[in-house]
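The values are calculated or read from the model by the stated rules, or taken from the named source; none is laboratory data. Just so you know, these numbers come straight off a predicted model, no measurement behind them. Neighbour counts are summed over all protein chains in view; Cβ atoms, including those assigned to glycine, are modelled from backbone coordinates with ideal geometry.
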Amino acid sequence: MIEFLKHPWPWYVAGPLIGLTVPFLLIIGNKSFGISSSLRHICASCIPGNIPFFKYDWKKEIWNLFFVFGIFLGGAIAINLLSNPNPIEVNPKLASELARYGITNYNNLVPEDIMNWQTLFTLKGFLIMVAGGFLVGFGTRYAGGCTSGHAIMGLSNLQLPSLIATICFMIGGFIMANFILPIILSL
Amino acid sequence: MKQKTDKEKDLEYKWYPNIKYLIAGILFGIVFVKSEVVSWFRIQEMFRLQSFHMYGIIGSAVMTAMISIFLIKKFNIKTIYGEQIEFHPKKFNKGQIYGGLIFGLGWAITGACPGPLFAQIGTGATVVLVTLLSAIAGTWVYGYFKETLPH
């Protein structure tokens with residue numbers, strides 16, 4: 001059993017489990033699944049400034065911060081107790097493309113060759129980690145949600161705005177991965 | 001909306017009922033890591049159409065959630081506190097287009113949406129903490145300029 005759990009889980013196991021988070025959160029406390037809001041609550045609780053967008057009773061939303069702290073702990077548990085001993089297997093086409101940019105280490109979920117404390121202070125590292133993170137935070141809030149709030153919660157509740165948002169997430173991702181990221185990676 | 005009882009109001013401000021969300025988060029985080037949804041490499045495969053994995057996960061997650069919501073509505077399933085389950089309809093604004101495109105760009109660079117950022121830090125990729133702080137800064141800057149941005 002533990003051996004089975006240690007291997008990467010197939011999509012047909014992981015997908016339904018992720019989907020079940022939606023009814024689970026609704027039933028245990030009437031909470032709509034959504035993760036990017038946690039970033040707003042962190043702003044509201046730590047650095048509200050005098051900004052109306054951050055003036056609300058964030059304590060009412062504290063469940064969301066417990067949830068994301070749980071995700072952090074879950075990550076730590078999975079890597080320490082259920083860790084896959086083998087490197088991540090990716091499509092050989094991707095591997096040969098990434099090798100051209102010097103990305104050959106598949107031992108971690110993030111590419112350690114480009115994401116580490118040393119590369120953070122290079123232009124490439126700055127664009128990937130700092131600028132990339134900024135786009136994630138700014139974009140999700142502008143869009144009113146992320147993959148969880150729009151693509152999973154919104155689509156499953158048949159919300160047209162969520163479908164529009166999800167299509168735009170994918171368009172943005174395709175443009176970045178195929179046209180812009182190769183330029184950043186060759187820096 | 002129904003009036004909340006004093007007991008429910010009390011519960012909102014106490015920390016221990018929130019433990020159940022912590023547990024939900026832990027389980028969710030484990031699935032995230034074990035399915036490699038939080039892997040930068042899997043996101044690159046997805047956006048290059050080189051693997052079905054991510055599409056299978058998102059597709060089956062949406063189907064499962066859709067059926068669950070249908071059942072909750074059909075059988076009027078209540079919360080464990082006996083409350084009516086509420087759904088919040090989303091209203092369209094142009095932010096979903098502009099913001100969606102911006103988030104998509106960021107998703108493909110960092111290989112992470114907000115949830116996976118927390119999980120990646122948990123797996124020991126401490127430098128992702130910088131990405132998370134930057135995402136918080138991005139959220140803050142959005143809040144600052146909200147009124148001047150097209151919606």
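Residue A:87 fulfils the conditions (1) part of a loop (DSSP other than H, G, I, E, B); (2) under 20 Å from the mean Cα position of the chain (by Cα) except for a single criterion, (2). Within segment B:47-58, being more than 7 Å from chain A (Cβ to nearest Cβ) and either touching a Gly at 6+ places or on another chain (Cβ under 6 Å) or not aliphatic (A, V, I, L, M) (or both) holds for B:52, B:55. Kindly establish whether residue A:78 is surrounded by fewer than 16 Cβ atoms within 10 Å (Cβ to Cβ) and of a type outside the set (Asp, Glu). Criteria not met by residue A:78. Among the conditions (1) within 24 Å of residue B:106 (Cα to Cα); (2) of a type in the set (S, T, N, Q); (3) not in a loop (DSSP other than H, G, I, E, B), residue A:105 misses just one, which is (3).
Restricting segment A:1-20 to residues that are without any contact (Cβ under 8 Å) to a residue 24 or more places away in the chain and facing chain B (nearest Cβ under 7 Å), which is farthest from residue B:69 (Cα to Cα)?
A:9
Give A:67, A:4 a once-over and let me know the one that is modelled with pLDDT under 95, in a helix (DSSP H, G or I) and of a type outside the set (Val, Ile, Thr).
On the way: A:67 fails: modelled with pLDDT under 95.
Of A:67, A:4, the one residue that is modelled with pLDDT under 95, in a helix (DSSP H, G or I) and of a type outside the set (Val, Ile, Thr) is A:4.
A search for C-beta distances below 6 Å between a residue of segment A:129-154 that is more than 7 Å from chain B (Cβ to nearest Cβ) and at negative phi and any residue that is part of a helix (DSSP H, G or I) and among the polar types (S, T, N, Q), counting only pairs 6+ apart in sequence or on different chains, returns A:150/A:162; A:150/A:166. Scan segment A:95-123 residue by residue and report those that are under 20 Å from the mean Cα position of the chain (by Cα) and either buried (at least 19 other Cβ atoms within 10 Å of the Cβ) or not aromatic (Phe, Trp, Tyr) (or both). Within segment A:95-123, A:107, A:108, A:109, A:110, A:111, A:112, A:113, A:114, A:115, A:116, A:120 qualify.
Note on segment B:115-132: residues that are more than 7 Å from chain A (Cβ to nearest Cβ) and either in contact with a helix residue (DSSP H, G or I) (Cβ under 8 Å, 6 or more places away or on another chain) or touching a residue at least 12 places away in the same chain (Cβ under 8 Å) (or both) amount to 3. Just to be sure, is residue B:39 of a type in the set (Gly, Ala, Ser) and under 26 Å from residue A:181 (Cα atoms)? Taking the combined requirement at face value, the residue satisfies it.
The set of residues in segment A:40-96 being aromatic (Phe, Trp, Tyr) and facing chain B (nearest Cβ under 9 Å) consists of A:53, A:54, A:63, A:66, A:67, A:69, A:72. Put simply, of A:128, A:184 the only residue that is over 18 Å from the mean Cα position of the chain (by Cα) and more than 30 Å from residue B:67 (Cβ to Cβ) is A:184. Among the candidates A:86, A:91, the residue that is in contact with a His (Cβ under 9 Å, 6 or more places away or on another chain) and over 21 Å from residue B:115 (Cα atoms) is uniquely A:86.
Checked across segment B:139-151, the condition of being facing another protein chain (nearest Cβ under 7 Å), within 30 Å of residue A:90 (Cβ to Cβ) and modelled with pLDDT of 95 or more holds for no residue.
Answer yes or no: is there a residue in segment A:64-75 that is touching a His at 6+ places or on another chain (Cβ under 8 Å) and either surrounded by fewer than 17 Cβ atoms within 10 Å (Cβ to Cβ) or over 18 Å from residue B:37 (Cβ atoms) (or both). Yes, because at least one residue in segment A:64-75 is touching a His at 6+ places or on another chain (Cβ under 8 Å) and either surrounded by fewer than 17 Cβ atoms within 10 Å (Cβ to Cβ) or over 18 Å from residue B:37 (Cβ atoms) (or both). Mind checking whether some residue in segment B:65-82 is under 18 Å from residue A:157 (Cα atoms) and in contact with a strand residue (DSSP E or B) (Cβ under 7 Å, 6 or more places away or on another chain)? Yes, the conditions are met somewhere in segment B:65-82.
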